[in-house]
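Report on the structure given below.
The values are calculated or read from the model by the stated rules, or taken from the named source; none is laboratory data. As the structure is a prediction and not an experimental result, all values here were calculated from the model. All Cβ positions, glycine included, derive from the backbone under ideal geometry; neighbour counts span all protein chains shown. When the accessible area is computed, the model is the full protein with side chains, heavy atoms only, and any ligands, DNA or RNA have been set aside. Shrake-Rupley method; radii C 1.70, N 1.55, O 1.52, S 1.80 Å.
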Amino acid sequence: MENNDLNDSTENDKAITNKVGSVFYWTLGILSVLILTGIFAPNVLESVTAQAQTFISNTFGWYYLIVVTIFLIVCLIFIVSPYGKVRLGKDDDRPEYSFPVWIAFLFSAGLGVGLLFFGAAEPIAHFAVSSPNAPEGTEQAAMDALLYTFFHWGLHGWAIYAIIAICLAYFNFRKDKTGLISATLSPLWNMDGKLGKTIDVVAIVATLSGIATTLGFGALQMNGGISLLTGLPNSFALQLAIIVVVTVIFILSSMTGIDKGIKILSTVNMSLVGVVFLFFMIFGATMFSFNMLTTTIGNYIQNLPQMSFNIAPMSEDKREWINAWTIFYWAWWMAWSPFVGTFIARVSKGRTLREFVVAVLLVPSVMGFIWFSFIGGTAISVESSGTIISHLPDEEVLFGVLETMPFGTIMSYLTIFVIAVFFITSADSATFVLASQSTAGSLNPGKRIKLVWGILMSATAAVLLYSGGLQGIQNTMILVAFPFSIIMVLMVIALFKSLAQERLREEAAERKEAREWKKWRKEQDRKDRQLRKNEKKEKRTKIGKSQAHVKQDSIAKSDRTEEWNTSEQLSDNPAKRDNLDHGVDSNNKSEQ
């Protein structure tokens, strides 16, 4: 009977993890429209989405800057407030993964291909193509190049990821809600109806748009590297071949689950990135990079508040630069946040809020600062020395830098391999997230669902590259980020409401415990007083009895002493003894 129940339970779990609903089909329909538009009318898609993106950036740029900074402030509150003790799970839950493996998960999912694609490209763009504050190619432009790269890849971006992950992990593991974005708003509204499904659709569209764009970047950069190394043309055929090979690998990996495929890939990623970093540290502009890192960290700390709120209302050129870079990045981080946040939440069960926020904010940010300082610093040094690499497309800038270094060809091939592993890891993680979000938040979605999403992601990236609609889908991603940012604000409100309610319940329980303890203490004090009273009474009784015995003993002793004295006197005076005896005899006769 027990075996039958167990089999039934297993079958039910499998049915749940493979069940898809209206969210899946609505998402599929929306993406199909976007993809078909990108195939048959790519110019229309790009034009419409670009105009909408421009409108949002110009009209709501201030909103993006404020809301992302608020997310960072919220994370800092969790570090210093009593809420930091709250565990992402039950009170007795503990982390499933070791700290190094967990950091590898964060690093691979949160940064991925972007580290390699923008590692040299963004600092060079800010230094030699379009500097935010100074003339291109100057010393100030070099300083600003790394400063704004730090800003775009530092605390603000990771605060966005942290907010999503905290909300998902808290409500899923601690409050036993589903792992859906909509479930995090349950303290505010009932999420079982159309509103909840709409929110989940927006989250999935944002996730797929973000990952498809990244897969497109990865394929383009691999194609660019191969073209520079082998002379093969930069063509869609090569890009399609790259996507097909990588798709087969990441689908096979996704079938093994997080504990095997993604865990192994994330660990391999960290090792390979370490090799690339050590190469730049040894053969790159080492001292220049160290000096740039030190100086830029100081500039970052000093200028962070000003950069966080600078929308340049009096400078049209600077405002255009902010729209093109900062607003774009904040929207991109938010569009990626459902994917990365869901994955980070899944691997962070059992950690406290304080531990989670400190690690998620600081560790990847610092690692990113060091990375960009050496890769970007070397690129700036190469450009400054007269070897022009700023004319290269973004996807080829890193390989242009490697060409100027010893063992550049070998490292270029290794870099292509690292990009492929990042590509696979990101896509592998994304299939899990998309499958989870489309199966009621299942923590172990079925393999068939992951297979469907894996093929759909790669097909989306391939079709967009073929149709030239990559820019259009990037714009679409930015558009999706705007409503999702509102959802994120509501998630923060719901989180604080739930935390406050939990705190009130804890305080009520503490007060009840205090009252019970006070009552128990009062009863104990009463018993102690009664016990002491009884002890005193018993002691007085014992003292009285002791005194009575002493008095009796004294009287008896006095009587014995008097008798002894009398006998002594009679023995010393026989006449007196005879008179006493005669008197006694006379008394006896008279009585007779």
(Q) It is to be established whether one or more residues within segment 428-451 are surrounded by fewer than 24 Cβ atoms within 10 Å (Cβ to Cβ) and either touching a strand residue (DSSP E or B) at 6+ places or on another chain (Cβ under 6 Å) or free of Cβ contacts under 8 Å to residues at least 60 places away in the same chain (or both). (A) no
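Condition check ((1) under 30 Å from Arg87 (Cβ atoms); (2) of a type outside the set (Ser, Thr, Tyr)) across all residues:
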position	(1), (2)
Val360	yes, yes
Ser365	yes, no
Phe369	yes, yes
Ile375	no, yes
Thr378	no, no
Ser381	no, no
Glu396	no, yes
Leu402	no, yes
Q | Residue within segment 229-242 that is β-branched (Val, Ile, Thr), over 21 Å from Val397 (Cβ atoms), out of contact with any His (no Cβ under 7 Å at 6 or more places or on another chain) and crowded, with 22+ Cβ neighbours inside 10 Å present | A | no
(Q) For the structure I just gave you, tell me whether Phe399 is part of a helix (DSSP H, G or I), open to solvent by 20 Å² or more (accessible area, probe 1.4 Å) and among the aromatic types (Phe, Trp, Tyr). (A) no
Q) So which residues in segment 143-172 are farther than 20 Å from Val358 by Cα, hydrophobic (A, V, I, L, M, F, W, C) and open to solvent by 10 Å² or more (accessible area, probe 1.4 Å), if there are any at all? A) Met143, Leu147
**Q.** All helices (runs of 4 or more DSSP H) inside segment 45-129 with 1 or more residues being touching a residue at least 60 places away in the same chain (Cβ under 8 Å) and open to solvent by 10 Å² or more (accessible area, probe 1.4 Å)
**A.** 99-110, 113-118
Q: Working only within segment 359-387, note down all residues that are over 22 Å from Trp102 (Cα atoms) and free of Cβ contacts under 8 Å to residues at least 12 places away in the same chain.
A: Ser385, Gly386
(Q) So Ile410 ticks every box in (1) touching a residue at least 24 places away in the same chain (Cβ under 8 Å); (2) part of a helix (DSSP H, G or I); (3) open to solvent by 10 Å² or more (accessible area, probe 1.4 Å) but one. Which box is left unticked? (A) (1)
Q: Just need a number here: residues in segment 347-370 that are over 9 Å from the mean Cα position of the chain (by Cα), under 30 Å from Leu293 (Cα atoms) and open to solvent by 10 Å² or more (accessible area, probe 1.4 Å).
A: 7
Q) What's the number of the condition Gly179 fails, among (1) open to solvent by less than 20 Å² (accessible area, probe 1.4 Å); (2) within 30 Å of Ile70 (Cα to Cα); (3) part of a helix (DSSP H, G or I)? A) (3)
Q: Working only within segment 187-209, note down all residues that are farther than 27 Å from Val33 by Cβ and either touching a helix residue (DSSP H, G or I) at 6+ places or on another chain (Cβ under 7 Å) or open to solvent by less than 20 Å² (accessible area, probe 1.4 Å) (or both).
A: Pro187, Leu188, Trp189
Q | Count of residues meeting criterion [over 28 Å from the mean Cα position of the chain (by Cα) and open to solvent by 30 Å² or more (accessible area, probe 1.4 Å)] in segment 272-284 | A | 3
**Q.** Test: Ile39 is touching a residue at least 60 places away in the same chain (Cβ under 8 Å) and either buried (at least 20 other Cβ atoms within 10 Å of the Cβ) or not in a loop (DSSP other than H, G, I, E, B) (or both)
**A.** yes
Q. Looking at (1) open to solvent by less than 10 Å² (accessible area, probe 1.4 Å); (2) over 27 Å from Ile164 (Cβ atoms); (3) of a type outside the set (Val, Ile, Thr), which is the one condition that is false for Asn475?
A. (2)
**Q.** Cβ-Cβ under 8 Å pairs, at least 6 apart or on other chains, segment 276-293 side under 15 Å from Phe399 (Cβ atoms) and of a type in the set (Gly, Ala, Ser), far side open to solvent by less than 80 Å² (accessible area, probe 1.4 Å) and outside any helix (DSSP H, G or I)
**A.** Gly284/Met405
Q: Could you give me the residue pairs with C-beta distances under 7 Å whose first residue belongs to segment 499-514 and is on the phi < 0 side of the Ramachandran plot and part of a helix (DSSP H, G or I), whose second residue is of a type in the set (A, V, I, L, M) and open to solvent by less than 60 Å² (accessible area, probe 1.4 Å) wherever it lies, and which are 6+ apart or on separate chains?
A: Leu499/Val86
Q. Checking Thr178 against (1) touching a helix residue (DSSP H, G or I) at 6+ places or on another chain (Cβ under 6 Å); (2) more than 25 Å from Ile79 (Cα to Cα), which test does it fail?
A. (1)
Q: Collect the residues in segment 392-421 that are at pLDDT below 90 and within 20 Å of Asp144 (Cα to Cα), keeping them in residue-number order.
A: Asp394
Q | Criterion (aliphatic (A, V, I, L, M), assigned to a loop (DSSP other than H, G, I, E, B) and modelled with pLDDT of 80 or more) met by exactly one of Leu232, Leu228, Leu240 | A | Leu232
